[in-house]
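Report on one structure; see the data block that follows.
The values are calculated or read from the model by the stated rules, or taken from the named source; none is laboratory data. Keep in mind that what you see is a predicted model, and the values were worked out from it rather than measured. All Cβ positions, even for glycine, are placed from backbone atoms using ideal geometry, and neighbour counts span all protein chains on display. Quick note on the areas: whole protein, heavy atoms, side chains included, nothing else; ligands and nucleic acids left out. Shrake-Rupley method; radii C 1.70, N 1.55, O 1.52, S 1.80 Å.
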Amino acid sequence: MNNTSKKNDKNIKASAFYMVGNLFNKALAFFTIPIFTRLLTTSEYGIAQTYLSWVSILTLIVGLSLGNSIRTAYVDFHDDIEGYMSSIFGLSLLSFLVSSALIIAGMFIFGNIDVILVICCLIQSYFQFVATAMTTKYMMKVDYIRKTLLLALPNLTIQVIAIFTIMNMHGDKKYFGYIIPYAAVYMVVGIYFVISSFIRGKKPLNKLYWKYALTYSLPLIFHGLSLVLLSSSDRIMITNLYNSSEAGVYSLIYNLSMVAMAVTASLEAVWVPWFTRKLMTGEKSTINKNITKYLEIALVLMLCLMFVAPEVVKIMATKQYYSGIYMIPPLVFASYEMYMYTVYVNVEYYYKSTKYIAFNTIVAAITNIVLNFIFVPLYGGMAACFTTVISYMVSFLMHSKHSRKLDRELFPLKQFAVPTLIFIIAIIIAYLLMEFWIVRWIIAIVGFIFYAAYALLTKRFSNFLK
């Protein structure tokens, strides 16, 4: 077998493993929804999901977004990637200790903050950063087995422990039974990776690597924070501007809308290293040829999800959550917008244009927050759905504009126009057929079968993976 065939075979295996791992994670989250929505009230579920939003924000602060530098470091310091990993863990550990001291001091100054909640949030934030950094390293190495295990095993452990702890808790703070397992499991996993990285890399205080990582990553803290605000600020603002029960409903529908991302994340995990290699060798026409298929697969999956999701919500959750079914179309579309703009963000990453990545995402996040302040108090979670769509569209347009300045040969905007138009038409149809579930399901099932048959006959999917 020649080298090209070996790489193709490895890519296909990697894609399959990533897909299994991501599908397992999403399926686990999906099938535990009816358990948690029955063990917790909508208010408690909303608080737990808001906590996870704060974890996403603090992960970027305590970790300084250093994990994002691994993509380019894998190219620039390929022969000493273990040393580089130990250095960013050393720097991030210092940041974690300083950040924690400041946050805890601020907590005592301002008061009225749950100490256990803050400590859990800090611990989970840092060690979740560590786990994410390791998955990025495994992605660049195409070490699909370890990456898949790191995606799946901690999550499985967390869900099992959370169910047990919630069932054995009493009182009005049962959400701690959901939160504490997250912090505990990530702490165990993270400590293992930090210690083993220090042993293998032996460079926790390398100034050259620290300077490289900070130069690349510091602007991305603002990008990451803005990205988290785009995806998580809705829940925080609904909790504070409307009520925590509405935040619980919104969180459930938001998580459901991301189910299709299990497959798209698997594709992206293979796409990024492949895209980097092809761009390094100047094969831009090959990249442009494959982006159409890359967008097409996600489009089909997300449209099918959008058409069948209302009944899934009714099966998986109690009647308290049924009002959320009208939030499904815009939130699924928002997840597709997210998928589209990462195509352009990958170009910006390659050319190390991190300041512009940060600026573009900050503008989109500010747009989201301003629109939420105006409309969420009036219309609740439904308003947040459409402000999310508008904000992600702003992000897509800004990233595409800057990416085209960096490299005009990559990804003509017209390649994104057709799938976007198809999605908008499908949203209109979904709302018109909201009360006719049989028609929606027939459209989704028949449409998927026709697409799958077409893909098999033309070998479209297998050729794309190769």
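For the residue pairs 352/405; 289/355; 137/278; 278/352; 355/405, the C-alpha atoms sit more than 23 angstrom apart in 289/355. Each residue of the stretch 238-254 was assigned a 3J(HN,Hα) from its phi angle through the Karplus curve 6.51 cos²θ - 1.76 cosθ + 1.60 (θ = phi - 60°); the sequence is 5, 4, 8, 9, 10, 6, 5, 5, 5, 5, x, 4, 4, 4, 4, 5, 4 Hz, with glycine and proline shown as x.
One Cα centroid belongs to the stretch 85-123, the other to the stretch 280-358; the line between them spans 33 Å.
For the stretch 33-174, the calculated P(r) over all alpha carbon pairs, in 10 Å bins from 0 to the bin holding the longest distance, is 10, 32, 32, 20, 6, 0 percent. Entry note, the chain: the mean residue ellipticity at 222 nm calculated from DSSP H runs of n ≥ 4, each adding -39500 (n - 2.57), is -30000 deg cm²/dmol after division by the residues and rounding to the nearest 500. Debye-formula intensities of the stretch 194-314, expressed as log10 I(q)/I(0) at q = 0.09, 0.10, 0.23 Å⁻¹, are -0.49, -0.59, -1.23 (one equal scatterer per alpha-carbon, no solvent).
Computed from label points 7 Å out along Cα-Cβ, the spacing between residue 424 and residue 172 is 4.7 nm.
The stretch 47-93 has equivalent-ellipsoid semi-axes of 28, 10, 7 Å, by the square roots of 5 times the alpha carbon gyration tensor eigenvalues, sorted largest first. Using the 1.4 Å probe convention, the accessible area of the chain works out to 44 Å² per residue with neighbouring protein chains retained. Values of log10 I(q)/I(0) for the stretch 289-404 across q = 0.15, 0.16, 0.17 Å⁻¹ run -0.77, -0.85, -0.92, by the Debye formula with one identical scatterer at each alpha carbon and no solvent.
Largest first, the residues 445, 291 sort by 1.4 Å accessible area into 445, 291. State whether the stretch 347-455 is rounded, prolate or oblate according to the following rule on the C-alpha gyration tensor (a ≥ b ≥ c being the square roots of its eigenvalues): a/c under 1.5 gives rounded; otherwise a/b larger than b/c gives prolate, and the remaining case gives oblate. Oblate, since a/c reaches 1.5 and b/c is not below a/b. Reported to the nearest whole Å, the Cα centre-to-centre distance from the stretch 143-176 to the stretch 398-462 is 34.
Note on the chain: Cα-only Rg and Dmax are 21.8, 66 Å.
Applying the criteria of a DSSP loop state and at most 14 other Cβ atoms within 10 Å to the trypsin sites (Lys or Arg not before Pro) of the stretch 161-264 yields 173, 202.
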